[in-house]
Amino acid sequence: MKLLSLLLSQFTGMWLVLTHTFSKADTVQYPEQKPALFPRYRGRIVLTRDPDGQERCVACNLCAVACPVDCIALKKTEDDDGRWYPEFFRINFSRCIMCGFCEEACPTYSIQLTPDFEMCEYNRQSMVYEKEDLLIDGTGKYHDYNFYRVAGKSIGGKDKGEAENEAAPIDVKSLMP
Amino acid sequence: MNGVGSIINIFAILLVAVGIAAYLTWLERRLIGIWQDRLGPNRVGPLGLGQVVADMVKIFFKEDWIPPFADKPVFILAPAIIMTTAMLSFAFIPYAPDIGVIDLNIGLLFVLGCTSLSVYAAVLGGYASQNKYALMGSLRAAAQTVSYEVFMGLALMGVVMLSGSFNLREIVEAQQDGWFCVSQFFAFLVFMVAAVAETHRTPFDLPEAEHEIVAGFHTEYSGMKFGMFFVGEYLSVLFSSVLVVVLFFGGWLGPDFLPPLAWMALKTFGFVCVFILLRAALPRPRYDQMMSFGWKVMLPVSLINLLVTGGVALWLGT
Ligand code: SF4
Ligand code: SF4
């Protein structure tokens, strides 16, 4: 009896597969037919700017540390206002695995992955993107966020206590609350 | 010059068999693609038919590497054996009333002999590779053939009893009033299972089970030698389908609106598709399961079938 039911299950399996003759193929015929990419698709990486048009990246190196294949290289420098920014920022896309860890690590929403994967090159060296190649003019997926406007660090034009939701700095030498 | 055994027949059958075997790779990939809701190769040429040519060109230009530790003459001999035996067996098949290469009195026995000889390709290939996975594959191939050959032959004895001949052409003609797939239904099932095992195809592809033993007996093969194993496998698929049609489905017999050869081709095509469907649908059993299935289920079934057929034949005959 058990044997018969086993035998039957083989035939039902075959029948099930056979019915798929008439179901539609899921294939997207790529070069002619483009796949649907969603806004959060993890593709080519960009560096975004904040709503004021300044570079968002503060060169904290968190993305470079988070990157499992170590394909991000950058160096911090500082401008006259006291803003930190990367002197150079380099991503080697021939090693990047598009995991998105850098985007998750970034405290300033600067580094973002975009729905674009068509970045083949004939020359391996052309896969290394410099800051000019990475930096875009817009804000990417997060339109309102401006790190320096919410962070406590003072820069030129914004002193301590002037950030959003930030209390005025406490005068530690005073006895008043 | 036309007729069984003419030069034209011989060359046509050889070319057509090898050509079809090559195109079976395409058919298999397309069909499995369709059954898995994909498309399969469809880029090269219309419907992807040029894929076979492209693959052929590729495999010709691949490095044909013989491992330094291999037993060289045997290593080279093995793929030749599988091609030879696979193509040899096509000679004994009657394709249509006047198409065929040779009609032997003992055609069926010869065919069985050829299919069993083809296991030497697997055994020698695996042995000559000096590779433990390859050797495992050949051991499995040998054991599988020994056990499945037994009831493959036994299952066919019922057909022989009913038709009273080992001559394949006479077997086909004996099916004028009723195909043997009805009267010999269990023999047909057993033979189908054994044929899958003989051709080393999923679900009985244990000699080359790539999830367990890399690629089994052809692990060390590359280039055209691997291609010969590959084409040899498809040749035996084609051959098994032809044999099933001849033995159980009336060969070229069919209603008159199609020529005999077309019936033969149509039925064979159907069985090739069944082979591919088996591959697409069924998982591979464990090795001991396959062995016990062979000896404990298939052998008794074919013996009982033989007994009943013999009894009925005697009873009707008197
Ligand atoms: S996506 Fe992953 S691999 Fe690519 S740069 Fe970011 S962290 Fe590195
Ligand atoms: S991209 Fe983000 S995580 Fe990377 S250095 Fe710049 S601010 Fe830090």
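Grab the DSSP H runs of chain A that are 4 residues or longer, score each as -39,500 (n - 2.57), total them, divide by all residues and round the 222 nm result to the nearest 500 deg cm²/dmol. Walk me through the intermediate numbers first.
Working: 5 runs with 36 residues, N = 177.
Taken over chain A, the calculation gives -5000 deg cm²/dmol.
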ask   = Counting pairs on different chains as well as pairs 8 or more places apart, how many Lys pairs in chain B have Cα atoms under 19 Å apart?
value = 5
Protection-proxy order for peptides B:241-251, B:89-99, B:289-299, each taking the mean of Cβ atoms within 10 Å per residue, highest first = B:241-251, B:89-99, B:289-299
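Could you calculate the FRET efficiency of A:LEU18 with B:VAL182 from 1/(1 + (r/R0)^6), where r is the beta carbon distance between them and R0 is 25 Å, rounded to 0.05?
FRET efficiency, A:LEU18 to B:VAL182: 0.65.
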message = If each DSSP helix of 4+ residues adds -39,500 (n - 2.57) and the sum is divided by the residues in chain B, what number results at 222 nm, nearest 500 deg cm²/dmol?
response = -21500 deg cm²/dmol
ask   = Can you pull the accessible area of B:HIS211 for me, 1.4 Å probe, Å² to the nearest 10?
value = 150 Å²
task = Evaluate segment B:63-316: find the radius of gyration of its Cα atoms, find its Kirkwood radius, and give the ratio Rg to Rh.
result = 0.99
note = Distance in nm between A:GLU121 and B:THR84 label points, each 7 Å along Cα→Cβ, equals 5.6 nm
task = Order the following by accessible area, largest value first: A:GLU78, B:GLU198, A:GLU166. Probe radius 1.4 Å; ligands, DNA and RNA are ignored.
result = A:GLU78, A:GLU166, B:GLU198
request  = Using only protein heavy atoms and a 1.4 Å probe, report how much of B:TYR133 is accessible, in Å² to the nearest 10.
outcome  = 90 Å²
request  = Work from the charge dipole of segment B:1-75 (Cβ charges, +1 for Lys and Arg, -1 for Asp and Glu, about the Cα centre) and give the residue of B:VAL18, B:LEU39, B:PHE61 farthest towards its positive end.
outcome  = B:LEU39
request  = State, to one decimal in nm, how far the label point of A:VAL69 lies from the label point of A:MET176, with both points 7 Å from Cα in the Cβ direction.
outcome  = 5.9 nm
query = Largest first, what is the accessible-area ranking of B:LYS132, A:LYS160 with a 1.4 Å probe?
reply = B:LYS132, A:LYS160
key: Cα-based helix-to-principal-axis angle, B:107-117 vs chain B, degrees rounded to 10   = 20 degrees
inquiry  = On alpha carbon coordinates alone, what is the Rg over Rh value for the protein assembly as shown, Rh being the Kirkwood radius?
reply    = 1.21
query = Which one of B:PHE249, B:ALA262, B:VAL237 is farthest out on the positive end of the charge dipole of segment B:208-278, using unit charges on Cβ (Lys, Arg +1; Asp, Glu -1) and the Cα centre as origin?
reply = B:ALA262
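Just need the relative contact order of chain B here, percent rounded to a whole number, with Cα pairs under 8 Å and 6+ apart.
Details: 491 pairs, mean separation 71.7, N = 318.
Answer for chain B is 23 percent.
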request  = With a Förster radius of 22 Å, plug the Cβ-Cβ distance of A:LEU6 and B:ILE304 into 1/(1 + (r/R0)^6) and report the FRET value to the nearest 0.05.
outcome  = 0.70
message = Placing unit charges on C-beta atoms (Lys and Arg positive, Asp and Glu negative, everything else neutral), compute the dipole magnitude of chain B about its Cα centre in debye, rounded to 20.
response = 560 debye
inquiry  = With both bridge residues required to lie in chain A, what share of the DSSP beta bridges run antiparallel, to the nearest 5%?
reply    = 95 percent
ask   = How crowded by other chains is B:274-287, given as the mean number of beta carbons from other chains within 10 Å of each beta carbon?
value = 2
request  = Note the full-extension length gain between B:LEU109 and B:VAL44 as 0.36 nm times their separation in residues minus their Cα-Cα distance, in nm to one decimal.
outcome  = 19.2 nm
request  = Determine the shielding of peptide A:13-20 by partner chains: average, over its residues, the number of Cβ atoms on other chains within 10 angstrom of each Cβ.
outcome  = 5
ask   = Expressed in nm to one decimal, what extension gain is obtained for the pair B:VAL312 and B:TYR287 from 0.36 nm per residue of sequence separation less their Cα-Cα distance?
value = 5.4 nm
request  = Return one number: the angle in degrees, 0 to 90 and rounded to the nearest 10, between the long axis of the Cα atoms of helix A:2-19 and the longest principal axis of the Cα atoms of chain A.
outcome  = 70 degrees
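The values are calculated or read from the model by the stated rules, or taken from the named source; none is laboratory data. No experiment lies behind these values; they were computed from the predicted model shown. We place every Cβ from the backbone using ideal geometry, glycine too, and count neighbours over all the protein chains shown. Ligands, DNA and RNA are excluded from the accessible area calculation, which covers all protein heavy atoms including side chains. Shrake-Rupley method; radii C 1.70, N 1.55, O 1.52, S 1.80 Å.
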